[in-house]
Structure formats: C-alpha cells, structure tokens
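Below are the structure tokens for one structure; questions will follow.
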Amino acid sequence: MIRRTLPVALLVSLTACAAEPPSAPATATPAAPVAAAASASAPAAPAGVEQVVRAALAELAPGAEVGKVSASPIPGFQEVPLEGRVIYVSNDGKYLIQGTLFDIAARESLTSASESVLRKDLLATVGEDRKITFAAAQPKYTITVFTDIDCGYCQRMHQQIAEYNRLGITVDYLFYPRGGIGSESFDKAVAVWCAPDRNEALTAAKAGRVPPKGDCTNPVTMDYDLGRRIGLDGTPAIYTRDGVQLGGYLEPAAMLARLDELAAKAAKAAR
C-alpha cells in the first residue's frame, strides 16, 4: 500500500486496489495490545499546548478531523490522531513529524499501536446490521474488510471466501467504492445491499453479475465515510477486531498465519 504525505494525505484518498505480500514492512510487525493500551491511556495535553497544536493543524489542513491531543514519547511533542493517522506535533506548533515511531527495546511500532486503538474504536461503532457477513462454521477469527466490487484484488479475495471460512475466518464486509459517492461502484454497492439476498448478490456482483439498480435505505455512504475516517488507503483494506491493519489481499493460508501470529503475541503480552 502507498501512503501520501501531509498535507496531500489530508485532502486525497488513494483509490488503488491493494495486495499486501506477507513480508511487507508496513504490517510485518503489528503492535502488541499492551502498547496499544498504553497509548490509549496517555495524558491529555495541557490546555495551552493543545490550543497551539490545534491552531497549527487548522492552518496546515483546514477542516481536517483532529482527535485527542495527548502526550507522546518524544519530549516536546504531542501525539495527534489526524484523519485516521497518528502524527506528532511540537508543543510550539512549529514542527510536525509524520512516520513510524519505533520503540527499539520493545521492537514495536508505537505509531501502529496508537492507530490500531483509533481504528478499533471506530469499527466498534458499526452495528451488525451494517455488515454483510460470510461466517465460518467454526469461527476462530473475525476480520473486517472494506471492499470495492470493481477492485480486482477484492474480487480475487471473494473468490476464495469459502476457503477463508473453512479455515475459521469470518469475514465482515463493509463497502468502500473507490470512485466515491455516486460513482458506478457506489451504485453497484447499493444494488447489492438492496437485493433480497445480500450475500448471494455480493458474490454475483464480484463475478460481474450486478443485480438491478437498488433503491432502499442503505449504509454505503456511512461505510465510505468511515473508511475515510479510518485512513483507508486501498482496497481491500483488512482489519482485526483489535483494529490492527492486516494490509491488502492475503491468500487464505497467509491470512490465517498472520492472525495466528497476532494471537500468539497477544497471549504472550497477557502473561
């Protein structure tokens, strides 16, 4: 996956289909739950510092969604959630750091840990009635996948949905039509949602057989907005229940291996 740098990243979402190789550095070392919990409990910035930081970001990226401004591990800098990403801004508002803050001793990305907390909280706002779920008969893991019907890697992933399920991976789909609201992909997503059998309609649409144009109350716009808030930068975008980004397309066995690895890390951290 490719990420744009600020301030461009605040204005434009990347609309690429994404496949993530198992060895990709961006996701090869997911943050442990312990690090994520520590980030979530970081003290808020002093009121004066917070005002300075917010003013600086408002000038740099007007209208951007800024989350809680809190203390960072870097002296003289605050940690700031911004458009689904975590950045670091100096207390005087003069300097901004965008990138990965890595704890050498712990061998963990503190930035990834904080971003996972953000995503987990946002994904927790999605009710079951907004998802199209392909459930495993014997569920071991559940992943959330933002999908675009016309994305090649999304189609490839769905062709293997039975194998994901066989391996114990339940897939919760949300829509992210990369062309945006009102695009052809958006209309296809609405048609799938409005179909009598959404699972069947999604499978057919991924194979090129789109159902008749739908007209019903649907969550496609909300899904799309959520994807932008999370900082989605390609489809399929895949997340665990803890908000850890697994990357783009992974074939079923590789997906299971990645999930097993995360579960082992969580178990080790809990001991």
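Of all residues in segment 187-224, which are more than 21 Å from Asp129 (Cβ to Cβ) and part of a loop (DSSP other than H, G, I, E, B)? Steps first, please.
Within segment 187-224, the first condition is being more than 21 Å from Asp129 (Cβ to Cβ), and the residues that meet it are 187, 204, 206-210, 212-213.
Selection gives Ala207, Gly208, Arg209, Val210, Pro212, Lys213.
Give the residue that is modelled with the lowest pLDDT, with candidates limited to residues of segment 49-72 that are aliphatic (A, V, I, L, M) and assigned to a loop (DSSP other than H, G, I, E, B).
Ala64
Here is a follow-up. Which of (1) open to solvent by less than 20 Å² (accessible area, probe 1.4 Å); (2) modelled with pLDDT of 95 or more; (3) over 16 Å from Asp172 (Cβ atoms) does Thr240 not meet, given it meets every other one?
Here Thr240 clears every test but (3).
Consider Glu163 carefully, then state whether it is among the charged types (D, E, K, R) and either within 17 Å of Gly234 (Cα to Cα) or within 16 Å of the chain's Cα centre (by Cα) (or both). Even if it seems obvious, please write down each step before you answer.
Numbers: among the charged types (D, E, K, R): yes; either within 17 Å of Gly234 (Cα to Cα) or within 16 Å of the chain's Cα centre (by Cα) (or both): no.
No, not satisfied.
Consider segment 204-229. How many of its residues are crowded, with 17+ Cβ neighbours inside 10 Å and under 24 Å from Ile161 (Cα atoms)?
So the count comes out to 11.
If we keep just the residues of segment 94-114 that are more than 16 Å from the chain's Cα centre (by Cα) and in contact (Cβ under 8 Å) with a residue 60 or more places away in the chain, which is farthest from Lys268 (Cα to Cα)? Write out each step before concluding.
Restricting attention to segment 94-114, the residues satisfying the condition of being more than 16 Å from the chain's Cα centre (by Cα) are 94-110.
So of that shortlist, the ones also in contact (Cβ under 8 Å) with a residue 60 or more places away in the chain come out as 96, 98, 103, 106-110.
Details: Leu96: 34, Gln98: 30, Asp103: 18, Ala106: 13, Arg107: 14, Glu108: 14, Ser109: 17, Leu110: 18 Å.
The qualifying residue farthest from Lys268 (Cα to Cα) is Leu96.
Confirm whether Val192 is touching a residue at least 40 places away in the same chain (Cβ under 8 Å), over 30 Å from Val66 (Cβ atoms) and surrounded by 22 or more Cβ atoms within 10 Å (Cβ to Cβ). Step through it out loud before you land on a result.
Numbers: touching a residue at least 40 places away in the same chain (Cβ under 8 Å): yes; over 30 Å from Val66 (Cβ atoms): yes; surrounded by 22 or more Cβ atoms within 10 Å (Cβ to Cβ): yes.
Answer is yes for this residue.
Among the residues that make up segment 238-259, is at least one of them under 21 Å from the mean Cα position of the chain (by Cα), part of a helix (DSSP H, G or I) and without any contact (Cβ under 8 Å) to a residue 60 or more places away in the chain?
No.
The conditions are (1) touching a Leu at 6+ places or on another chain (Cβ under 7 Å); (2) modelled with pLDDT under 95, and Ile132 fails exactly one of them. Which is it?
Failed condition: (2).
Would you tally the residues in segment 55-65 being under 18 Å from Ser114 (Cβ atoms) and open to solvent by 40 Å² or more (accessible area, probe 1.4 Å)? Steps first, answer last, please.
Step one: filter segment 55-65 for residues under 18 Å from Ser114 (Cβ atoms), giving 57, 64-65.
From the residues that got through so far, the ones that are open to solvent by 40 Å² or more (accessible area, probe 1.4 Å) too are 65.
The total comes to 1.
Could you tell me which of the residues Thr133, Thr125, Thr144 is over 17 Å from Arg229 (Cβ atoms) and under 19 Å from the mean Cα position of the chain (by Cα)?
Answer to the selection: Thr133.
The values are calculated or read from the model by the stated rules, or taken from the named source; none is laboratory data. Being a predicted model, the structure only gives us computed values, none of them experimental. Positions of Cβ are generated from backbone atoms using ideal geometry, with glycine treated the same way; all protein chains shown enter the neighbour counts. These accessible areas exclude ligands, DNA and RNA; they are computed on the full protein's heavy atoms, side chains included. Shrake-Rupley method; radii C 1.70, N 1.55, O 1.52, S 1.80 Å.
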